[in-house]
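Just below is one structure, and these are the notes that go with it.
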Amino acid sequence: MKYCLHTTSLCICLLWCFSLLAAEPDQLQVLLQGTSSEEIALLVNEAGGTVTHDLHLIDAVGAKLTRPQLEEVLSSPLIRRHIDDLADTDRPEEEPEEKVDCRVRGHIELEFTPQGIRWPLYNKQPEPAHIEKLEIEWPAALGSITALALAGVDIDPELYSDGAANSLTVNFPAGSRPVVTDRADLDIKFKSMSPENVDKSLRQKDFTLQADFSGGCSTDLVPGYENNHGDYYYNTVAGVAALHKQGVTGKGVTVAVVDSGLWEHRSLLEDTAGNKRLLARYDALTDVVDEEAVDESGHGTHMTSIIAHSGETIGKDGPTGTFKGVAPDAGLVAVKVLDRDGFAHVLEIVRAIQWVVDNREKYNIRVLNLSFSQTPRWPYWEDPVAQATLRAWAEGIAVVAAAGNDGPEVETIGSPGNVPYVITVGALTDSWTPETRDDDYIPDFSSRGPTPSGYVKPDIVALGGHMTGLIHPESEIVKEQPEDILRTGEFVSTGTSQASAFVSGLLALLLQLEPDLTPDDLKCKLISSAEPAINRDGKLAYSPFQQGYGYVTATRAVTLGERGCGNPDFDMALDLDNKGNGYGPAIVDDDGSPTLPGVGAMISTEPSEKGMSNTRKWGVKDHIERLNPESASEVTANPANSDWLKLYLQERAVIEELSRPPEKVPPKPAD
């Protein structure tokens with residue numbers, strides 16, 4: 001089977017697809033598993049087959065065999081398990097498109113011109129897109145609109161001459177509607193626009209643009225960030241920037257990124273001091289070491305940029321002393337397993353993870369980023385990719401996996417994120433407002449739990465909305481999503497892949513501070529410090545199957561994160577023996593929906609708002625302090641809030657203790 005990459009303006013995710021490992025017409029591409037990969041390889045060779053993949057990490061091999069050869073091999077008691085449907089050699093003629101109502105996109109970035117603004121529109125549909133209506137709002141100081149044009153063709157002034165001082169709705173009559181065929185720039189000129197306006201006062205968020213097309217399709221301008229090239233913002237929002245200023249940058253820790261390869265950009269090849277930090281490259285598609293792992297897709301480069309971009313963050317007054325990547329001084333290992341189209345064979349993914357495990361000590365690999373997911377086909381303890389992931393965890397590598405982008409339906413967590421041990425990350429967005437968390441929410445696409453085996457996932461949610469990072473300008477993703485490329489060349493994208501990359505960088509920061517942390521400890525640090533979304537009535541705004549333990553941030557992980565709670569109830573030996581720990585705690589409610597024993601009454605029955613919320617707060621601190629914790633009656637009137645108050649007081653006591661200056665040790669008396 002294959003994992004394959006699907007891209008939209010919202011997300012980048014990986015799903016099950018057909019295999020592309022070529023086999024002769026009368027041959028099968030199989031996985032054979034038993035007590036020893038060496039013994040199985042001998043059986044394959046004796047039967048006249050060919051070993052294609054040595055997968056000793058999971059006591060298996062990939063092989064090409066005819067049906068009679070396979071039957072001969074399977075007659076041996078050394079074979080415990082086989083999968084013989086891995087050689088569907090025909091790539092689908094066309095990848096199934098995601099079910100989206102509209103494939104017309106407005107560019108993520110507004111361009112200011114000397115007399116107005118320009119907004120590129122992209123039509124990704126095979127047929128032309130006809131604009132039915134334009135809605136425009138702008139600062140009144142700019143005066144009225146003096147000209148409208150699409151793709152260089154002027155729009156009849158009669159359609160907008162009666163507009164208000166700062167808003168306009170243009171309804172185009174049938175038969176004369178402007179057409180977007182591929183790309184068309186919408187140009188708007190204002191009466192009082194001048195270069196001084198652009199340079200000193202105007203921001204993208206001051207404008208509202210929406211284009212409605214025939215057939216019910218529409219696109220609108222996002223608010224954007226004020227300085228998206230100089231400042232990627234997620235490090236400030238999630239507390240990473242504060243650690244950078246204290247010299248916590250991931251130095252001495254190596255992160256392996258198993259993905260589509262790496263564009264060897266200077267900010268990824270070198271750390272903040274200009275030292276080389278790309279320690280190794282491995283192409284699992286060709287089984288070649290230390291040649292450039294060319295990133296044809298672009299996905300791997302974007303993930304690596306989020307993790308470790310070493311470029312300085314530039315604010316209004318110059319460098320801020322912080323950096324664009326979460327762990328800008330971390331060592332990097334680039335492992336390529338996805339091709340240009342985002343395809344990766346299950347055997348090659350196992351081989352990629354195996355190479356990381358085999359070389360963990362040589363390169364001090366402490367973190368493994370897996371920003372992809374598949375629809376689970378087997379229980380996690382039988383899934384070859386999950387088995388390899390388990391062994392990486394057992395060997396001391398903290399594995400971070402994307403939850404997947406298949407929400408909002410329940411039970412959509414992908415593999416290997418469904419492995420109970422690993423750190424599975426869902427996504428949330430800051431709604432383009434880094435100054436407040438009241439509009440931070442979990443988008444619909446972020447996959448929900450429980451897993452097919454009944455475990456609570458995701459473990460946490462992290463920033464994954466419109467994450468900025470490097471990408472090669474000729475990458476496949478750039479060609480597919482030109483609307484998400486900033487004029488300065490960075491790529492802005494959203495998904496649980498990006499959220500996972502953020503968390504991988506965060507783990508490198510924690511390991512710099514505490515190098516003895518085990519993978520279980522790291523997981524405990526995150527889940528014990530994560531902040532759940534809580535409504536004013538004390539109920540959870542999202543279920544544990546949506547938010548896990550909550551919103552993870554760097555400063556809380558450092559100050560409030562604990563040890564010993566990562567995976568206390570699991571027997572790793574059972575999983576390593578492919579027997580599994582059975583099924584998790586999820587149960588089915590009376591209405592057929594999944595829940596947890598004793599938790600249903602704690603969860604709000606109303607969907608949480610998408611965007612600004614008057615009731616949702618992230619974390620006990622913000623929740624209790626809005627209730628006035630000094631007023632016992634307001635807090636304790638609701639039993640749920642009483643429980644949150646206890647946790648609030650515990651956290652406050654820890655912070656107060658950490659804030660106390662260390663006691664001075666009196667000098668020893670002189671001899």
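The values are calculated or read from the model by the stated rules, or taken from the named source; none is laboratory data. Model, not experiment: these values are computed from the prediction. Reconstructed Cβ throughout: ideal geometry from the backbone, glycine too, with neighbour counts over all protein chains shown. Note: accessible area is taken over every heavy atom of the protein model, side chains too, but ligands, DNA and RNA are not part of it. Shrake-Rupley method; radii C 1.70, N 1.55, O 1.52, S 1.80 Å.
Structure notes:
- Leading residue by the ranking (nearest to Pro376 (Cα to Cα)) among those in segment 298-348 that are touching a Pro at 6+ places or on another chain (Cβ under 8 Å) and in a helix (DSSP H, G or I): Val346
- Selection count where residues are touching a strand residue (DSSP E or B) at 6+ places or on another chain (Cβ under 9 Å), over 26 Å from Ala256 (Cα atoms) and acidic (Asp, Glu), scope segment 393-438: 3
- Residues located in segment 449-491, provided they are under 14 Å from the mean Cα position of the chain (by Cα) and among the charged types (D, E, K, R): Asp459
- A residue that is part of a helix (DSSP H, G or I), aliphatic (A, V, I, L, M), modelled with pLDDT of 75 or more and open to solvent by less than 80 Å² (accessible area, probe 1.4 Å) can be found somewhere in segment 633-642.
- Residues of segment 246-276 satisfying the condition of being touching a Ser or Thr at 6+ places or on another chain (Cβ under 8 Å) and under 24 Å from Phe372 (Cβ atoms): Val255, Val257, Asp259, Ser260, Gly261, Leu262, Trp263, His265, Ser267, Leu268
- Total residues in segment 279-294 satisfying the condition of being within 22 Å of the chain's Cα centre (by Cα) and open to solvent by 10 Å² or more (accessible area, probe 1.4 Å): the figure is 1.
- Of the residues Gly538, Gly505, the single one that is farther than 30 Å from Leu243 by Cα, small (Gly, Ala, Ser), open to solvent by less than 10 Å² (accessible area, probe 1.4 Å) and modelled with pLDDT of 90 or more is Gly538.
- Test for Leu596: is it in contact (Cβ under 8 Å) with a residue 40 or more places away in the chain, under 27 Å from the mean Cα position of the chain (by Cα) and surrounded by 13 or more Cβ atoms within 10 Å (Cβ to Cβ): yes
- Set Arg391, Arg366: member being surrounded by 24 or more Cβ atoms within 10 Å (Cβ to Cβ) and among the charged types (D, E, K, R): Arg366
- Leading residue by the ranking (nearest to Arg266 (Cα to Cα)) among those in segment 466-483 that are open to solvent by 10 Å² or more (accessible area, probe 1.4 Å) and touching a residue at least 24 places away in the same chain (Cβ under 8 Å): Leu470
- Some residue of segment 73-80 being modelled with pLDDT of 90 or more, basic (Lys, Arg), assigned to a helix (DSSP H, G or I) and open to solvent by 60 Å² or more (accessible area, probe 1.4 Å): no
- Taken over segment 22-69, the criterion of being more than 23 Å from Thr286 (Cα to Cα) and within 40 Å of the chain's Cα centre (by Cα) is satisfied by Gly34, Thr35, Ser36, Glu39.
- Of all residues in segment 355-363, one or more are touching a strand residue (DSSP E or B) at 6+ places or on another chain (Cβ under 9 Å), hydrophobic (A, V, I, L, M, F, W, C), open to solvent by less than 10 Å² (accessible area, probe 1.4 Å) and farther than 25 Å from Tyr551 by Cα.
- Scope segment 205-223; condition open to solvent by less than 40 Å² (accessible area, probe 1.4 Å) and either more than 21 Å from Phe491 (Cα to Cα) or at pLDDT below 95 (or both); matching residues: Phe207, Leu209, Ala211, Asp212, Phe213, Cys217
- Those residues of segment 525-539 which are over 25 Å from the mean Cα position of the chain (by Cα) and within 16 Å of Val599 (Cβ to Cβ), in sequence order: Asn535, Asp537, Gly538, Lys539
- Scan segment 140-175 for residues that are open to solvent by 50 Å² or more (accessible area, probe 1.4 Å), part of a strand (DSSP E or B) and in contact (Cβ under 8 Å) with a residue 40 or more places away in the chain and the total you get is 1.
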